[in-house]
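Quick notes on the structure that follows.
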Amino acid sequence: MDVNWETYGWERLGRGVGRRRLPGWDATVGLVIGRDAVLLYDTGATLAQGAEVREQATALAGREVTHIALGHPHFDHVLGTAAFPGAEVFGAVGMDTLLPREREELWKDAVRQGVDEREATQAAEALVAPSHTVTGEWTLDLGGRQVLLANVGPGHTGHDLVLLVPDEREVVFCGDLVEESGEPQAGPDAIPSRWPAALDRLLSLGGEDALYVPGHGALVDADFVRRQREELARRFEVS
């Protein structure tokens, strides 16, 4: 299925594949439309953002989102998940227990970063943890197309999950393992010593010709990812 992505402010990346850069924190959400199922990658920073994404995704796909993949456990990528009732939620192994445990920290981080306290409270109270956890790789059949969820971390966090979508040019949703609009952010839950190796795994899976979609910023290619890998290695003094 192909649709007019631009009508809704989305960017077409391939056949039935698109993404939107959400306002506020420039976080990417991705959408993959299959014959029988619809997969969303990340859900935004608030329930309001999630609801808007749901409305647009439904219009684009002609049906509700059935599957969600959460790239990592930061507020601007996970707090919109409750806006998608009934969707199957996937995350890297450990996210199922980490999100409920870190609910208060997610709330604090969201408020520090400018989310309205009331909106942050609503989203944190409704926080949805993954019901399916990915240790290595997990292939999902969306009907007429298969996609791959891969736990390539740790790196940006201890729970980094990427999405690979085969197409004429493979599309790789990288989460915040790759950032284009600024220097990659290494917060207190980052594991810098493992980050370059995570990007090596990402490149191995995606290959030289893939289209790489950062968690924040414009689309990039394998050369950009490789340069960022080397910059991280120098920055954190790892090989």
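Along the range 224-235 the Karplus relation, 6.51 cos²θ - 1.76 cosθ + 1.60 evaluated at θ = phi - 60°, assigns HN-Hα couplings of 4, 4, 5, 5, 5, 4, 5, 5, 5, 4, 5, 4 Hz to successive residues, with x for each Gly and Pro. Overall, the accessible surface of the range 122-171 at a probe of 1.4 angstrom is composed of carbon and sulfur to the extent of 43 percent.
For the chain, the longest piece that avoids every one of the GluC sites (Glu not before Pro) found in DSSP loops with at most 16 other C-beta atoms within 10 Å covers 65-167.
Could you tell me what percent of the accessible area of the range 63-104 is made up of carbon and sulfur, with a 1.4 Å probe and every protein chain present? Using a 1.4 Å probe with all protein chains present, the range 63-104 comes out at 51 percent carbon and sulfur. Take the chain with all the other protein chains still there, run a 1.4 Å probe, and you get 41 Å² of accessible area per residue.
Here the range 1-80 is treated with +1 on each Lys and Arg Cβ and -1 on each Asp and Glu Cβ, and its dipole about the Cα centre works out to around 180 debye. Spatial offset of the range 152-230 relative to the range 90-121 amounts to 22 Å, using the alpha carbon center of each. When the trypsin sites (Lys or Arg not before Pro) in the range 62-115 are filtered for DSSP coil states and for at most 16 other beta-carbon atoms within 10 Å of their beta-carbon, the remaining sites are ARG63. Along the range 169-177 the Karplus relation, 6.51 cos²θ - 1.76 cosθ + 1.60 evaluated at θ = phi - 60°, assigns HN-Hα couplings of 10, 4, 10, 10, 8, 9, x, 8, 4 Hz to successive residues, with x for each Gly and Pro.
Here the chain is treated with +1 on each Lys and Arg Cβ and -1 on each Asp and Glu Cβ, and its dipole about the Cα centre works out to around 180 debye. Spherically averaged projected area of the convex hull of Cα atoms, the range 15-170: 8.4 nm². Distant-in-sequence amide contacts of THR157, defined by a placed amide H-H separation under 5 Å and a gap of 5 or more residues or a different chain, comprise ILE191. Using 0.36 nm per residue and subtracting the Cα-Cα separation, the extra length available between PHE224 and ASP116 on full extension is 35.4 nm. When +1 charges are put on Lys and Arg Cβ atoms and -1 charges on Asp and Glu Cβ atoms, the dipole computed for the range 78-131 relative to its Cα centre reaches about 40 debye.
Taking amide hydrogens as placed 1.01 Å from N in the peptide plane, the amide H of VAL178 sits under 5 Å from those of GLY215, each at least 5 positions away in sequence or on another chain. For the range 142-154, backbone phi angles converted through the Karplus equation (6.51, -1.76, 1.60; θ = phi - 60°) give residue-by-residue couplings of 9, x, x, 7, 10, 10, 10, 9, 10, 8, 9, x, x Hz, Gly and Pro being listed as x.
The values are calculated or read from the model by the stated rules, or taken from the named source; none is laboratory data. All values reported here derive from a predicted model rather than from experimental measurement. Positions of Cβ are generated from backbone atoms using ideal geometry, with glycine treated the same way; all protein chains shown enter the neighbour counts. Just so you know, the surface numbers come from the protein's heavy atoms only, side chains and all, with ligands and any DNA or RNA stripped out. Shrake-Rupley method; radii C 1.70, N 1.55, O 1.52, S 1.80 Å.
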